[in-house]
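The structure appears below as structure tokens.
The values are calculated or read from the model by the stated rules, or taken from the named source; none is laboratory data. This is a predicted model, so every value here is computed, not measured. Reconstructed Cβ throughout: ideal geometry from the backbone, glycine too, with neighbour counts over all protein chains shown.
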Amino acid sequence: MKVLVFFFGLMTCLYLVNADTCKLSNSMAKLSDMVDECSNHIRGQIQKEIDASMHYLLMGAHFSQDRVNRPGFAKFFFHAASEEREHAYKLMQYLLMRGHMKHNLLETIQLKSVTAETKPWANGLEALNKALELEKFVTNSILNVMEVCEKAKEKNDYHAVDYLINEFLDEQYKGQRDLAGKISELNRMEHAQGSLGEFLFDKKLLKEA
Amino acid sequence: MRQLVLVGVLALVVQLYAADDQCHYSVRQQCSSLPQKYTPCSALFSGAHTVMGSLRDFVLQHILNSHHYLLMSANFANYERQREGFAKMFKKLSDDTWEDAIDTIKYMTKRGGSMDYSRTLLESVSNSTLKPIALELTEPESLSLALDMYKNLAHKAHEIHGLVTKRSHNNQDIHDAEVISFLENKFVSKHTEIIRDLAGHSNDLMNLIKTSKKDSKMQNQAGLSVYLFDDYIKNLY
Ligand SMILES: [Fe+2]
């Protein structure tokens, strides 16, 4: 009952704000010279960044558990989750700057498509490998967006391509390098020391900024 | 006799849910014969287990809301809307909600819980509560929607608080002082502040629009009001 009253309250609050009286009359400049094909692909990339963010969030949650107890890994992955969310925001900002972030905003982010396929990771090494795979997937997807924007029929969008190279590809390759380095290091430590390797590596991750 | 049975049942319940004395036992057992598979010790105690599911929903609702605010921010940042204040405010709400989601996950795992989310859980959350209905909203509409979304979240926090407040239920100890303290310190007053702010903004803006439409012969007078209000919001957030 309480819930019902509550929802009724919600509805009335929204209803009270009548849309028509609040609309301002407008005459707009026409800004965008961006090709839809290109901007749609960038939109698609926003969703992929959000998906990656959710993936990392789950990894962070996994390594925080009492029975797993790898706070260093958890910190690393939570940080990655927030970073991916920032990437999505940056792409939005880019589309806004180009005047191509107006209609059907809801389609830009959907949480439903977030993978239900994620299963607990057996150990830190497996998670890092999975993360590297994920980053490679994202990199390929960006490369694909660049190709579309460069070859767009009506107009080559060099600016979008340049932006993606400087702001995204650069970071992707650095991120992949970092992950690959961590994987080889952890691999060696585990080879020599077994579970002590992961324990020590975790403490090292915890100390990293 | 009845008391004895009750104690027995209670002991079982404690074993099942809180497992307060299991860790020492299992470690001792396993230290005496190493090859056995190790059953991990759990951080679960007190009534936290009773609200893990609700906390999971709570986290998901935060994530949904955070993404929604991000899109609302984008809606006001496009060159046609050009509302820097609104865009800034919604970005801040989005960031806050995101951080709270992560903090709640951390808290759950601190209390021995876990955060798997399956598709069904995700659907139940997005069906049962405020779904993003529209994003191309006018300024007052966006404020009222944000207000509703925050009330919804606050309501959930209070609900979870209520679940762990009772001393016992069906002989099960469900009271959990720590969950209560977490919710109170992290959410309860913050939500109240935000709700009050948003309600104030919402009413301010509506009054500005209504009076400027009534008083002036020019239809566009409301445009100036909203512009000034946006500027005010920009300095506020
Ligand atoms: Fe990314």
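Residues in region A:109-123: is at least one within 16 Å of the ligand (Cβ to nearest atom), among the β-branched types (V, I, T) and modelled with pLDDT of 95 or more?
no
List every residue pair whose Cβ atoms lie under 6 Å apart, where the two residues are 6 or more positions apart in sequence or sit on different chains, the first residue falls within region A:44-66 and is near the ligand (Cβ under 10 Å from one of its atoms), and the second residue, located anywhere, is in a helix (DSSP H, G or I) and among the aromatic types (F, W, Y).
Taking only residues 6 or more apart or on different chains, the pairs are A:Y56/A:F77.
Which pairs have Cβ atoms under 7 Å, sit 6 or more apart or on different chains, and link a residue in region A:69-88 that is more than 10 Å from every other protein chain (Cβ to nearest Cβ) to one that is within 9 Å of the ligand (Cβ to nearest atom)?
A:E84/A:E49; A:E84/A:A52; A:E84/A:S53; A:H87/A:E49
In region B:65-96, what residues are more than 9 Å from chain A (Cβ to nearest Cβ) and among the hydroxyl-bearing types (S, T, Y)?
Matches in region B:65-96: B:Y69 only.
Is there any pair with a first residue in region A:126-140 that is within 14 Å of chain B (Cβ to nearest Cβ) and more than 13 Å from the ligand (Cβ to nearest atom) and a second that is at pLDDT 95 or above and in a helix (DSSP H, G or I) whose Cβ atoms are under 9 Å apart and which are 6 or more apart or on different chains, and what are they?
none
Say whether the condition of being assigned to a loop (DSSP other than H, G, I, E, B) and touching an Asp or Glu at 6+ places or on another chain (Cβ under 9 Å) is met by at least one residue in region A:124-140.
No: zero hits.
Is there a residue in region B:61-83 that is assigned to a helix (DSSP H, G or I) and surrounded by fewer than 18 Cβ atoms within 10 Å (Cβ to Cβ)?
No, the conditions are met nowhere in region B:61-83.
Being within 16 Å of the chain's Cα centre (by Cα) and facing another protein chain (nearest Cβ under 9 Å) is the requirement here; does B:H62 meet it?
No.
Just the residues that are of a type outside the set (D, E, K, R) and assigned to a strand (DSSP E or B), please, taken from region B:159-193.
B:S168, B:H169, B:Q172
Of these, B:M206, B:M115, which one is modelled with pLDDT of 75 or more and in a helix (DSSP H, G or I)?
Result: B:M206 is the single residue among B:M206, B:M115 that is modelled with pLDDT of 75 or more and in a helix (DSSP H, G or I).
Can you pull out every residue in region A:171-199 that is within 16 Å of the ligand (Cβ to nearest atom) and either modelled with pLDDT under 95 or aromatic (F, W, Y) (or both)?
Scanning region A:171-199 gives a single hit, A:Y173.
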